[in-house]
Amino acid sequence: MSDSSFINRRDFLGKSAAAIAGAAILPGTALSYNRILGANDRISLGHIGIGSRGTELDLIASKLKSSHNVEMTVVCDLWKGNQERATATNTGYYGRGPRAVQRPEEVLAMKDVDGVLISTPEHSHSPILKLVAEAGKDGYVEKPMGNVLTEAKAARDAVLNAKTIVQVGTQHRSEPYPRAAQEVARSGALGDVSKVEIVWNYHGPRWRGRHEVKEIREQDTDWKAWLLTKPDRPFDPQLYFEFRLYREFSSGIPDQWISHAIDMVHWFMDDNYPKSVVSHGGVFAWHDGRENADTFQTLLEYPKGFLVSYSTSFGNDAPSFTRYMGKKATLFNIGGEGSPRYQIVEEKGTHEDDPDIDKKRESRYILLPGQKGLPPMGIDDLSLGHMANWFECMRSRQQPHCSVHEGFAHSVACMMATEAYWTGRKIFWEAKTETFSDRNPA
């Protein structure tokens, strides 16, 4: 396929979505909101990037089609195989087939599309979100919001300028058990928190072995468009689907796992940007050609005066947990990401006062109103709330649970952890200039 047959990635990045659509946008004006959506107006959705996670988001949206009056009207993926699957799947959900296109600019030119879901590979989250905002469309973007600082800033600024409604996909902010636990953490019941410990483990060669690697052919996709902001290289089907293992496109554990973990810390502790970060790790378990670590540990210090310790191993499935350690009590989350089981253990004194203090601690689980017994592990449809919150905010024009401000903050923390890992240095955040440094700005 010749370059003349499609808008290449440099043109795509250089042109605003408004120019692609042949429309002019005044500052702060959203194209899709020449009218405000009412309760009875159907929300028309487009979806850019429909791989494994995208398929899950399509399912979530479909479960809200009646309660929130939404429909997936266009699906977009560079690979023909994903396009075909998404078309068939959404036809089943809505009783009629969506339009299917290959390139994002085609979706952005559609005036009837109100909101756009973005679940492309991580290196393209911010660049595409920026163009979605410039097209005046609301967005739901998977986490991390960005993994290149300049691109994440540009996306945030475009959203704020266009005044569109963007939800970033750290969905635990919208789930009932974390929301109840966040209220406890913010209430002062824990006392001064000096440390947060997070250990999430997994036993397996995470992100390696995708079956699509053997299915895709170069002629059935647009490799240059997939690379987007990255330098040209030969077509690589393994990189195409297992991008989380390769340094230039993803940080792996920080982008995928720390983004969720640190977003919860920011939310619980009301402290959004680390002062400094150090990291260590390596490929110790799965010597399969991956560049990103399979064993990773990072320490983040926050302005309020507490330390966050995050650790993951893909070589062992030892029990996962999170704990907020305060002078009055410890808030435990038992299990890995998304576990609904939160427990509060109260401190009754100091070990110097009473050597038998461990026997006297009192504990209780955080339960929802009317609930009896322990919260079950693995609750279906908890993640519906995050998508529902976005739909509701599209109508009300209020900010959703994870706006671009929170998305930018978790992205900064993940990028600092990644920078510290690859440089072997302590990385500082300079809030005034929104830059990283290996020297303490204080």
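Derivation of every value follows stated rules applied to the coordinates shown; laboratory data play no part. Keep in mind that this is a model prediction, so the values were computed, not measured. With ideal geometry, Cβ positions are generated from the backbone for all residues, glycine too; neighbour counts draw on all protein chains shown.
All other residues with a Cβ under 9 Å from the Cβ of I427 taken together, and with Lys, Arg as +1 and Asp, Glu as -1, what is their net charge? If you can, show how the numbers build up before the last one.
Numbers: positive: R425, K426; negative: E419, D438.
Surrounding charge for I427 is 0.
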Legend entry - Bridge type composition, the chain - antiparallel percent by DSSP, nearest 5: 65
Inset, instruction - Would you mind checking which residues have amide H under 5 Å from I366's amide H? H placed 1.01 Å from N; only 5 or more apart, or other chain. - result: Y342, Q343, I344
Inset, instruction - Would you mind classifying segment 119-275 by shape? Square roots of the alpha carbon gyration tensor eigenvalues, ordered a ≥ b ≥ c; an a/c under 1.5 is rounded, otherwise it is prolate if a/b is larger than b/c and oblate if not. - result: oblate
Legend entry - For segment 280-294, Karplus couplings with θ = phi - 60° (6.51, -1.76, 1.60), whole Hz, Gly/Pro x: 7, x, x, 8, 10, 10, 10, 8, 10, x, 5, 9, 7, 4, 9
Legend entry - Cβ charges +1 (Lys, Arg) and -1 (Asp, Glu), total dipole of the chain, debye: 560
Inset, instruction - Could you tell me the convex hull volume per residue, in Å³, taken over the Cα atoms of segment 359-437? - result: 250
Legend entry - Between segment 36-79 and segment 373-437, the alpha-carbon center distance in angstrom: 22
Inset, instruction - Can you pull the one-decimal nm distance between simple spin-label points at E212 and K163, each 7 Å off the Cα toward Cβ? - result: 3.7
Inset, instruction - Taking H placed 1.01 Å from N in the peptide plane, check which residues at least 5 places from T229 or on another chain put their amide H under 5 Å from its amide H. - result: none
Legend entry - Long-range amide H partners of G136 with built H, under 5 Å: L31
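Run the numbers for L307 and L59: contour at 0.36 nm per residue of separation, minus the present Cα-Cα distance, in nm. All intermediate terms of the calculation are to be shown ahead of the outcome.
Details: separation 248, 0.36 × 248 = 89.28 nm, distance 3.77 nm.
Net length gain for the segment: 85.5 nm.
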Legend entry - Net lengthening on full extension, K432/S187 (0.36 nm per residue, minus Cα-Cα): 85.2 nm
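Divide by every residue of the chain the summed helix terms, -39500 (n - 2.57) for each DSSP H run of at least 4, and state the resulting mean residue ellipticity at 222 nm, rounded to the nearest 500 deg cm²/dmol.
Values: 13 runs with 133 residues, N = 442.
One gets -9000 deg cm²/dmol as the mean residue ellipticity at 222 nm.
Sort 296-302, 249-255 by the packing proxy (mean of other Cβ within 10 Å over each peptide's residues), most packed first. Write down the numbers at each step before the final one.
Values: 296-302: 21.9, 249-255: 27.3.
Per-residue mean Cβ counts within 10 Å order the peptides as 249-255, 296-302.
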Inset, instruction - Convert each backbone phi in segment 119-127 into a coupling constant with the Karplus relation 6.51 cos²θ - 1.76 cosθ + 1.60 (shift: θ = phi - 60°), then list the ³J(HN,Hα) values in order as whole Hz, x for Gly and Pro. - result: 9, 7, x, 4, 5, 10, 4, 5, x
Legend entry - In sequence order, calculated HN-Hα J values of segment 157-167 (Karplus, 6.51, -1.76, 1.60; Hz; x Gly/Pro): 5, 5, 5, 5, 5, 7, 6, 8, 9, 10, 10
Inset, instruction - Could you name the lysines whose alpha carbon sits less than 28 Å from that of K214, not counting residues in the same chain fewer than 8 places away? - result: K80, K143, K224, K230
Inset, instruction - Excluding residues fewer than 8 places away in the same chain, name every one of the lysines whose C-alpha is closer than 26 Å to that of K328. - result: K195, K275, K304, K348, K359, K360, K372
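Please work out the Cα convex hull volume for segment 27-140 and give it in Å³ per residue.
93
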Legend entry - Separation in nanometres of the label points that stand 7 Å from Cα toward Cβ, at N69 and S52: 3.7
